[in-house]
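Asker: I'd like to ask some things about the structure below.
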Amino acid sequence: IRDRDSLINLEPVLGEIYAEALAQEENNQFINGSGTGLTAITFSNREYFGGSSTSGKDTFAEVAFADIPRVMFASDDTYVNQGTFVASPALFRHVVGLQESNGTPLFASSWGNGGIAGQGSAYPSSMAPGFLAGRPVYLSSKMPAEAANTAAIYYGDFTKFAMGDRRAVTVTWDDSVYAAELNRAIIVSERVGFKMLINGAFAVITTSES
């Protein structure tokens with residue numbers, strides 16, 4: 001990094017960028033477990049689009065109204081009304097279009113008028129998630145790409161899942177590596193650990209295995 005000619009202090013900007021990058025990588029490790037010593041979290045409570053592992057639905061576009069309560073009620077009954085959805089954006093763009101039999105959208109937007117945080121609401125739209133079947137829903141770009149037997153939606157009570165720093169975020173500046181170019185190297189690192197406290201508090205729905 002070269003900041004000698006910058007008109008602004010770059011360090012706060014870089015701090016924000018690195019914090020966002022670390023958060024994205026924590027999501028990636030939770031979902032995919034691609035890092036050394038970490039494996040993807042696996043849920044024993046599993047359902048499939050269309051209800052079948054081999055003759056169900058293969059693509060995200062085939063998600064149906066019935067699939068949403070299916071994954072909710074795949075979790076233990078203690079946690080059905082306490083869960084949060086985490087979904088792939090590629091999948092969720094199809095969920096947004098789902099309707100109940102009377103034409104009411106299944107997804108309640110928090111984006112402003114007419115949604116959870118509609119005009120006059122005390123719920124700030126800039127901070128509120130959307131709601132699906134009455135429960136909060138968040139999107140993660142780290143969810144797997146569409147394929148057979150692919151996890152599309154997680155549902156669970158995340159108070160029953162522990163994630164902690166095994167080593168806090170460290171930032172190291174090195175003036176020697178690029179000394180000839182008058183640049184500085186920045187090394188940012190973090191170690192985290194995951195632990196499923198109660199497996200029954202979570203469920204996942206996937207495409208079929210065919």
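The values are calculated or read from the model by the stated rules, or taken from the named source; none is laboratory data. These numbers come from a predicted model, not from an experiment. Cβ atoms come from the backbone with ideal geometry, glycine included; neighbour counts cover every protein chain shown. In case anyone asks, the SASA skips ligands and DNA or RNA and just uses the protein heavy atoms, side chains included. Shrake-Rupley method; radii C 1.70, N 1.55, O 1.52, S 1.80 Å.
Asker: Which residue, of S109, S44, S88, is among the hydroxyl-bearing types (S, T, Y), open to solvent by less than 40 Å² (accessible area, probe 1.4 Å) and either touching a helix residue (DSSP H, G or I) at 6+ places or on another chain (Cβ under 6 Å) or at pLDDT 80 or above (or both)?
Answerer: On the way: S109 fails: either touching a helix residue (DSSP H, G or I) at 6+ places or on another chain (Cβ under 6 Å) or at pLDDT 80 or above (or both); S44 fails: open to solvent by less than 40 Å² (accessible area, probe 1.4 Å).
When all the criteria are applied, what remains is S88.
Asker: Given the criteria surrounded by fewer than 11 Cβ atoms within 10 Å (Cβ to Cβ) and either modelled with pLDDT of 80 or more or in contact with a Cys (Cβ under 8 Å, 6 or more places away or on another chain) (or both), does D157 qualify?
Answerer: No.
Asker: I need every pair where a residue in the range 76-90 that is without any contact (Cβ under 8 Å) to a residue 60 or more places away in the chain has its Cβ under 7 Å from the Cβ of a residue that is open to solvent by less than 50 Å² (accessible area, probe 1.4 Å) and aliphatic (A, V, I, L, M), sequence separation at least 6 or different chains.
Answerer: V80/M72
Asker: Here are some residues: I31, I8, I1. Which one is in contact with a strand residue (DSSP E or B) (Cβ under 9 Å, 6 or more places away or on another chain) and at pLDDT below 65? Please lay out each step first, then the result.
Answerer: Details: I31 fails: at pLDDT below 65; I8 fails: in contact with a strand residue (DSSP E or B) (Cβ under 9 Å, 6 or more places away or on another chain).
Residue meeting the stated conditions: I1.
Asker: Another question, if that's okay. So, in the range 50-78, exactly how many residues are in contact with a strand residue (DSSP E or B) (Cβ under 7 Å, 6 or more places away or on another chain) and not in a loop (DSSP other than H, G, I, E, B)?
Answerer: 6
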